[in-house]
Every structure is written in C-alpha cells, then in structure tokens.
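See below for the structure under consideration.
Computed from the coordinates by the stated procedures, all read-outs in this text should not be read as laboratory data. All of these numbers come straight from a predicted model, not from anything done at the bench. Cβ atoms come from the backbone with ideal geometry, glycine included; neighbour counts cover every protein chain shown.
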Amino acid sequence: MTTNHFDVVIVGGGLAGLSAAAYLSSKGKKIALLERGALGGRAVTLKIKGFNFNFGAHAIYGRDTSVLSKLEKELGLKIDWRDFEPTKAKYDIGNDLTAVPANIQGLFQTKLLKGFDKVKFTFEILKTMLKLETGHPHLSIQKWMERKQVNEEVREMMLGLASSNFFTREPEKIPSDVFFNYYRRIFTTNKPVAYIGGGWQALIEEFVRVIEANDGKIFTKLKAESLAVEGDHVTGVNTADGVISGDEFVFCIPPKELAKIFQETRLEHIMTHYANYDPTYVIVYDVGLKSRIDVPYTYIYDKQNNMFITDISYYDYTCVPEGGQLLQATAYLSQEELGNKDLVEQRKEVIEKLYDKHFPGWREQLVVPRVSTRAVVQEIKWTMNQQALPTFFPDYRNAFFAGDWCQGQGQLSELSFSSAYEVSKCILQKG
Ligand SMILES: Cc1cc2nc3c(=O)[nH]c(=O)nc-3n(C[C@H](O)[C@H](O)[C@H](O)COP(=O)(O)OP(=O)(O)OC[C@H]3O[C@@H](n4cnc5c(N)ncnc54)[C@H](O)[C@@H]3O)c2cc1C
C-alpha cells in the first residue's frame, strides 16, 4: 500500500468517519477510510441469542431538523424511521407516574409542575424558541438561572430535562449557551425522538453501500499510528502496512487517540489538552426477554436515580426473536461513582429494582442480559471547564476533525454527523 494516494483520507470508521466518507465519495472525491477495528465504532449492534443489542436506543433527537435527515436526502440513504410516541413516555416520581413535558400536551398533563409554574415554564420555552434567550458561554445554566431568578420549581424542571437529554448527573454545570442552543432545536421539532429500524447496523450498512457505489476504499483492522507532516500540511498517515497519503485528511478518532498520532507535530500540546477532558459515562443494562411484558408506557425515567428504561422492541421488532422483548436501561454515572466497583454494583441493583417495579416478571422471562459499566456516551462531557474540539486548526491547512467530541449541532451522534457534514462541505469548497 506504500504508494496509495487519495483526495481525502479519513481516519476512524465510526458514524462521523462513515458519514464523511459517504458524503465526500458521493461528490466525486477519491477517498480512503481507515478503521483500526470494525466499522461503527461505539455505534455497535451485538447479536446474542437472537437479540440485537445496540449501544443505546439508537434514538435520533429532532430528526426532522437533523443532519442525518439531510444526509438521508442528499445521499439517498434508506432509513427505516420508527417515531417515538410521546404519550408513552412517563416520569417515575416515586409513588406515581406522570407525563414527560416533552411537548405541549405533556406539559399540560404533567404533575411535575403546578398551575402558574406551568405558565412560567411555557414562557421560558417560548423565549428559547424565539431566540430571546440564548444563554452565555461564560455562565453555567445554574448561574444563569440564579441571575434570572428563575423560581425553584421551574429550575428543577429545566435541570431535570437537561439531565435526561445530556445523559448527566450534573446538569447544572452545562454552559448556558449550549443548553439554549440544544433546546431551541428540540422545542421546535415535530419529531422529538425517532429510532432507526434495524439499529445502528442498518445505518452503517447504508453508509458502506454509498461509499462502495462511489469506489471509496475501506480499510478495516488498520490503525493510524502516526503522521507524516511537512510545514503546515499533513502528507500521510503511517500504518503497519505503509503510508496512506492524501491531499486532505479528516480525523474522526477521539481526543485520546488524536493525542497519540499527533505526537511530535504542531498540534501535540493542543491534542494532549483535549485528551485530558472527561467523557460522559453511563451504565448500560439491557435485557432480552423471551416474551413481552406489556405495560402502558415504552419509556420510563426515574427522576430520583437518573436512569431510564426504553422498550426498544415496541418500536423496532427486528431486534428480537418472535414474541420477545428487548428492554434497555441506562443509568447516568457521577464522577464519584466512576471506577468505584461497590457504587457501580449498587447502581446495577437499583436498575434491577426499576425493572421489577415497571416490568414485573422480567426475571422469569430473561434469556440474556448485556451489561456495560463504563460506556462512553459522549467523548467530551459538557461542563464549564471543558469545550468541544474545533473542526480545524490553523496549524495544518488540510487537517479536519469530526466526532461527538467536536463543535457541531445537537448531542451524541448528531454532533458526529454535523461535524462530519461541516468539514466535508469545507473540503468540497476548497475544490
Ligand atoms: C450506551 C450508549 C448509548 C448511546 N445512545 C445514543 C442514542 O440513543 N442516540 C445517539 O444519537 N447517540 C447515542 N450514543 C452515542 C453514539 O453512539 C456516539 O455519539 C457515536 O457513535 C459516536 O461516533 P463517532 O464516529 O463520533 O465516534 P466513535 O464511535 O468513537 O468512532 C471512532 C472510531 O475511530 C476508530 N479509531 C480510533 N483510533 C483509531 C486509529 N488510531 N486508527 C484508526 N481508527 C481508529 C475507533 O475504533 C472507532 O471506530 C450512545 C452511546 C452509548 C455508548
């Protein structure tokens, strides 16, 4: 492979790398995509005993205004959308269940807010939608609410929502501009949550179909080890099989990996800085059941314990054997719990109790559980001390960056898609 030269070399075959590779190849660029393991990265679908376990509910938030929908149209991707039913989403508030105020109907039905507080909360939403409220990058959402003297109940409500959307136990630390940017999109969407039929695997196959149809080259099990650079240009990626050279480079690998391959380059110190940031970690505890336990809701959020269960097989029955059910539980971890085995075990027991409470009999129906006690939902957690990685630096004119650790739109995979889309456009504009 020593003489291989491409218009664009893309490093990392997760959702960001795959979407950049599909987009650029569809526009006529000769691309190479390098992935050290299997395609998909954290967006994996694991097949065990007839169940397809995905990392997360593969939920796309605000799909009508999402970059994934844009890619769907522009690339002709076939995505089997399964829209979430908001009336089936409930908050567990101890002795009672109540509607999630994710839309106007939910807002009027929810018991989380009373009388006049609902009006105040609706007013906050309206201000966000109309861009009258934008927050400030130097103020956390907590500080912003204190300054604006938002009352206790409305404050609780806003932080509760942020906790569930940002997968964090520390919603108060989110920068207020990030908070309002996110909610402006979510409050104005007609499709707040949608799942992808067939899971992440179906989406990965669609990207691969487009890349291959446009003669893109995909190299799996091939790791980028270091870079060849000249002045303000990257010239190649060094691998065990030789150098892959190119005109432009898109790096879709997390900060810790970037820090390794950018050693002894102009970006060494910057990348080391980003590599020290904390990711957002969760516990995943999914269960495959041999027959369905039907309850009147498909999403239940335990407000006190910061965890939720989704009945994903209600929407995507391709992920279970006939008659089966796949329930997915996700618990947000605090910094203190991370790496503390006892605390993590306790959290697992609390998840089991939540299953007992809402899906009684699940233990008898259990075929296979799948647990991960340290899953990275997003590579850079939103706090006042951590910022997303820019998509390019002036030091290297032909190096771009994409992934859910980069600046972009939305949260989670939407950050991967939007940063990949932006850098691809930028490369195409260069000609
Ligand atoms: C439990 C869980 C639940 C989730 N739920 C949702 C959800 O419901 N909705 C949603 O939108 N998102 C969800 N996410 C987040 C989503 O999975 C990620 O945002 C997305 O997959 C990130 O894609 P990426 O390409 O940016 O990064 P990654 O998936 O991390 O991709 C990076 C890739 O680079 C490769 N790589 C690294 N180093 C090298 C190297 N040196 N050379 C070559 N290749 C390299 C890696 O192997 C990997 O494939 C969830 C994540 C988890 C863990």
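Our compactness index for the chain, the C-alpha radius of gyration over the empirical 2.2 N^0.38 Å, is 1.00.
In the range 26-115, inverting the average of 1/r over every pair of distinct C-alpha atoms gives 17.3 Å as the Kirkwood radius.
About the Cα centre of the chain, what is the dipole size in debye to 20, counting +1 per Lys and Arg Cβ and -1 per Asp and Glu Cβ, all else neutral?
Details: 51 positive and 53 negative charges, 118 e Å.
With Lys and Arg at +1 and Asp and Glu at -1, about 560 debye.
Candidate cross-link partners of Lys114 among the aspartates and glutamates, defined by an alpha-carbon separation under 18 Å and a same-chain spacing of 8 or more, comprise Asp92, Asp96, Glu124, Glu152, Glu153, Glu156. To the nearest 0.05, how large is the calculated FRET efficiency for Glu322 and Arg209 if R₀ is 25 Å and r is the Cβ-Cβ distance? That pair, Glu322 with Arg209, gives E of 0.35.
Helix 176-187 axis versus longest C-alpha principal axis of the chain: approximately 70°, rounded to the nearest ten. Using Cα atoms only, what is the angle between the long axis of helix 115-129 and the major principal axis of the chain, expressed in degrees (0 to 90) to the nearest 10? With both axes taken from Cα atoms, the answer is about 20 degrees.
For the range 280-378, please report how many Lys pairs fall under 19 Å Cα to Cα, leaving out neighbours fewer than 8 apart on the same chain.
Numbers: Lys290/Lys357; Lys303/Lys348; Lys303/Lys353; Lys303/Lys357; Lys341/Lys353; Lys348/Lys357.
Lysine pairs meeting the criterion: 6.
Note on Lys425: lysines with a C-alpha under 25 Å away, same-chain residues under 8 apart excluded, are Lys27, Lys29, Lys30, Lys70, Lys73, Lys78, Lys217. Under conditions of 37 °C and 0.692 mPa s, the range 133-193 yields 279 µm² s⁻¹ as its translational diffusion coefficient, taking Rh as the Kirkwood radius over Cα pairs in the Stokes-Einstein equation. The shape of the range 280-378 can be summarised by an equivalent ellipsoid whose semi-axes, obtained from the alpha carbon gyration tensor, come to 24, 13, 12 Å from longest to shortest.
For the chain, what does the relative contact order come out to in percent, with C-alpha contacts under 8 Å and a separation of six or more? Spell out each step's value before the answer.
On the way: 866 pairs, mean separation 103.2, N = 431.
Relative contact order for the chain comes out at 24 percent.
Highest average first, the peptides 32-39, 91-98 ordered by how many other beta carbon atoms sit within 10 Å of their residues are 32-39, 91-98. Candidates Gln105, Ala388, Gly431 compared by Cα position along the dipole of the chain: farthest toward the positive end lies Gln105, with charges placed on Cβ. So, counting K/R as plus one and D/E as minus one, what does the shell of residues with Cβ under 14 Å around Trp382 add up to? Residues close to Trp382 contribute a combined charge of -4.
Once every DSSP H run of n ≥ 4 in the chain is given -39500 (n - 2.57) and the sum is divided by its residues, what mean residue ellipticity at 222 nm do you get, rounded to the nearest 500 deg cm²/dmol? Result for the chain, helices only: -10500 deg cm²/dmol.
Measuring from centroid to centroid over Cα atoms, what is the spacing of the range 50-119 and the range 320-391 in Å? Computed from Cα coordinates, the inter-centre distance equals 18 Å.
Given contacts defined as C-alpha pairs under 8 Å and at least six residues apart, what's the relative contact order of the range 280-378, whole-number percent? Write down the numbers at each step before the final one.
Details: 166 pairs, mean separation 46.8, N = 99.
Relative contact order, the range 280-378: 47 percent.
Here the Kirkwood formula, the inverse mean of 1/r across different C-alpha pairs, assigns the range 345-431 a hydrodynamic radius of 16.4 Å.
The angle between the Cα long axis of helix 15-26 and the main principal axis of the chain comes to about 50°, on a 0 to 90 degree scale.
Simple point charges give the picture: +1 on the Cβ of Lys and Arg, -1 on the Cβ of Asp and Glu, and for the range 280-378 a dipole about the Cα centre of about 60 debye.
With only Cα atoms counted, the range 212-296 has Rg and Dmax values of 19.8, 63 Å.
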